[in-house]
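The structure appears right after this line, and notes come after that.
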């Protein structure tokens, strides 16, 4: 069974002042770069957000409703398309994520969802979720939950420490970009 992927692009980017999906890394928009990484490893791949890239896109409800709502919307779309397996969930503001990290998540032997832990922070938006966890996300959103941590509390999760992911990444590969200062420090250009 294949593993799908959900690329989350619907964040509001208030502190950054521009859509994270359109940030430029080495001449390529983040949405395009991360979509390219995901399609080499996963099938099918959906964008959950406004449709910045060339991937098929679905919207969370309500738009901008947060990552749990985005995961639920993506999971619902995957099931509607006949996908019954796990999915990688990746936020578009993680410019350091590589195919090696995605491959590691795909090949991890745990039967549970796999969430890397980096500097004591669970990387809930760079993780592999089981089909059961995706269905749980849909139920949680329907019941009013908004936090990704509600999903971690409700579904079996393997929290993978540095001893597990160190062979494919350094800690900075999991760093997100939330401000202009973080973008500048990472060598990321703003669009336009």
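Consider residue 54 against the criteria (1) touching a residue at least 24 places away in the same chain (Cβ under 8 Å); (2) in contact with a helix residue (DSSP H, G or I) (Cβ under 8 Å, 6 or more places away or on another chain); (3) surrounded by fewer than 19 Cβ atoms within 10 Å (Cβ to Cβ): it satisfies all of them except one. Which criterion is unmet?
Tallying (1) touching a residue at least 24 places away in the same chain (Cβ under 8 Å); (2) in contact with a helix residue (DSSP H, G or I) (Cβ under 8 Å, 6 or more places away or on another chain); (3) surrounded by fewer than 19 Cβ atoms within 10 Å (Cβ to Cβ), residue 54 fails exactly one: (1).
Restricting to the range 57-90, count the residues that are more than 13 Å from residue 11 (Cα to Cα), in contact with a helix residue (DSSP H, G or I) (Cβ under 9 Å, 6 or more places away or on another chain) and either modelled with pLDDT under 95 or in a loop (DSSP other than H, G, I, E, B) (or both).
Count: 4.
Residues to consider are 93, 176; find the one that is out of contact with any helix residue (DSSP H, G or I) (no Cβ under 7 Å at 6 or more places or on another chain), surrounded by 16 or more Cβ atoms within 10 Å (Cβ to Cβ) and part of a loop (DSSP other than H, G, I, E, B).
176
Restricting the search to the range 98-114, which residues are surrounded by 23 or more Cβ atoms within 10 Å (Cβ to Cβ) and either outside any helix (DSSP H, G or I) or at pLDDT below 95 (or both)?
113, 114, listed by residue number.
Yes or no, residue by residue, for (1) within 13 Å of the chain's Cα centre (by Cα); (2) within 24 Å of residue 168 (Cβ to Cβ):
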site: 26; (1), (2): no, yes
site: 57; (1), (2): no, no
site: 65; (1), (2): no, no
site: 71; (1), (2): yes, yes
site: 82; (1), (2): no, no
site: 97; (1), (2): yes, yes
site: 105; (1), (2): yes, yes
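Scan the range 153-170 and tell me whether some residue there is exposed (fewer than 12 other Cβ atoms within 10 Å of the Cβ), in a helix (DSSP H, G or I) and over 19 Å from the mean Cα position of the chain (by Cα).
Yes, the range 153-170 contains a residue that is exposed (fewer than 12 other Cβ atoms within 10 Å of the Cβ), in a helix (DSSP H, G or I) and over 19 Å from the mean Cα position of the chain (by Cα).
Pairs only if they're at least six apart or on different chains, beta carbon under 6 angstrom, first in the range 132-155 and touching a residue at least 60 places away in the same chain (Cβ under 8 Å) and at negative phi, second surrounded by 14 or more Cβ atoms within 10 Å (Cβ to Cβ) and in a loop (DSSP other than H, G, I, E, B); list them, first residue then second.
Hits for this filter: 146/66; 148/124.
Go through the range 115-146 and give me each residue that's in a strand (DSSP E or B) and either in contact with a strand residue (DSSP E or B) (Cβ under 7 Å, 6 or more places away or on another chain) or buried (at least 16 other Cβ atoms within 10 Å of the Cβ) (or both).
115, 116, 117, 118, 122, 126, 127, 128, 129
May I ask you to list the residues in the range 81-108 that are free of Cβ contacts under 8 Å to residues at least 60 places away in the same chain and touching a strand residue (DSSP E or B) at 6+ places or on another chain (Cβ under 9 Å)?
Correct list: 81, 105, 108.
The values are calculated or read from the model by the stated rules, or taken from the named source; none is laboratory data. Computed from a prediction, not measured in an experiment: that's the story for all the values here. Ideal geometry is used to build each Cβ from the backbone, glycine not excepted, and the neighbour counts take in all protein chains shown.
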